[in-house]
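Report on one structure; see the data block that follows.
The values are calculated or read from the model by the stated rules, or taken from the named source; none is laboratory data. No experiment lies behind these values; they were computed from the predicted model shown. Ideal geometry is used to build each Cβ from the backbone, glycine not excepted, and the neighbour counts take in all protein chains shown. Quick note on the areas: whole protein, heavy atoms, side chains included, nothing else; ligands and nucleic acids left out. Shrake-Rupley method; radii C 1.70, N 1.55, O 1.52, S 1.80 Å.
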Amino acid sequence: MIAKFIGKDEIDKAKALITQDLINKHSEQLEPSNNMLSFLTQAKNHHNTQKILNHFADKMTIKDELGVYSGEGLARFRYLNYIIPTIENPLIIIRRAKRNIYLKSFLDKKNHIHRFVVITENTQNGEVFITAFKTENNKNIKRLMNNADEVEFVGMLPQIPLNSLHGIGE
């Protein structure tokens, strides 16, 4: 089932539905991993694989002469295996102009929830990867909904009155 929210008033309703319980309830069991071989196997048929790898390489900074990496890219690289599942099976899709923002949550072995965001852009050549990052709280998810044209709850339907939805489909 998909619940679509179109327009500012409906998107404000969607923001109100984003709760800790809703996100946690639909988390997929998956440990974070930066295993490159695993990622390449997972992404072998995905058209953005090279763009994703280039993005992370650009975010890295060299820390010392031994080539020890640090910086923002390394932190994001820890969740490399979350990118493809987030794009292919998101909980929420936020559409804004040419951008698609995919959100999914994952549960690790220690029962920690990891909310993950992937942003893509629609171009003449198809959908192109822009960035990916982990977000800590629902406030950031709601902030991503600002200025959205459309919000879709995919694979989860919050407990809301049906008359408040723009469209429900399968």
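Quick look at the values:
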read-out	value
Meets criteria (surrounded by fewer than 20 Cβ atoms within 10 Å (Cβ to Cβ), at pLDDT below 90, farther than 20 Å from Glu10 by Cβ and out of contact with any strand residue (DSSP E or B) (no Cβ under 7 Å at 6 or more places or on another chain)) for Asn163	no
Qualifying residue in region 65-80 (condition: open to solvent by 70 Å² or more (accessible area, probe 1.4 Å), modelled with pLDDT of 70 or more and assigned to a loop (DSSP other than H, G, I, E, B))	yes
Residue tally, condition open to solvent by less than 70 Å² (accessible area, probe 1.4 Å) and over 17 Å from Thr120 (Cβ atoms), over region 43-58	1
Hits in region 82-123 - residues which are under 10 Å from the mean Cα position of the chain (by Cα), among the small types (Gly, Ala, Ser) and closer than 22 Å to Ile6 by Cβ	none
Conditions (1) open to solvent by less than 60 Å² (accessible area, probe 1.4 Å); (2) at pLDDT below 90: number failed by Ile94	(2)
Region 23-35 residues that are over 23 Å from Phe77 (Cα atoms), paired with ones that are part of a loop (DSSP other than H, G, I, E, B) and modelled with pLDDT under 85 (beta carbon under 6 Å, 6 or more apart)	His26/Met156
Matching entry among Lys104, Lys139, Lys134 (being among the basic types (Lys, Arg) and at pLDDT 90 or above)	Lys104
Qualifying helices (runs of 4 or more DSSP H) (wholly inside region 1-49; at least 1 residues being in contact with a Lys or Arg (Cβ under 8 Å, 6 or more places away or on another chain))	8-17, 20-25
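Residue-wise test of (1) open to solvent by 50 Å² or more (accessible area, probe 1.4 Å); (2) assigned to a helix (DSSP H, G or I); (3) without any contact (Cβ under 8 Å) to a residue 24 or more places away in the chain.
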position: Lys104; (1), (2), (3): no, no, no
position: Lys109; (1), (2), (3): yes, no, no
position: Arg115; (1), (2), (3): no, no, no
position: Glu127; (1), (2), (3): no, no, no
position: Thr131; (1), (2), (3): no, no, no
position: Lys142; (1), (2), (3): yes, yes, no
position: Ala148; (1), (2), (3): no, no, no
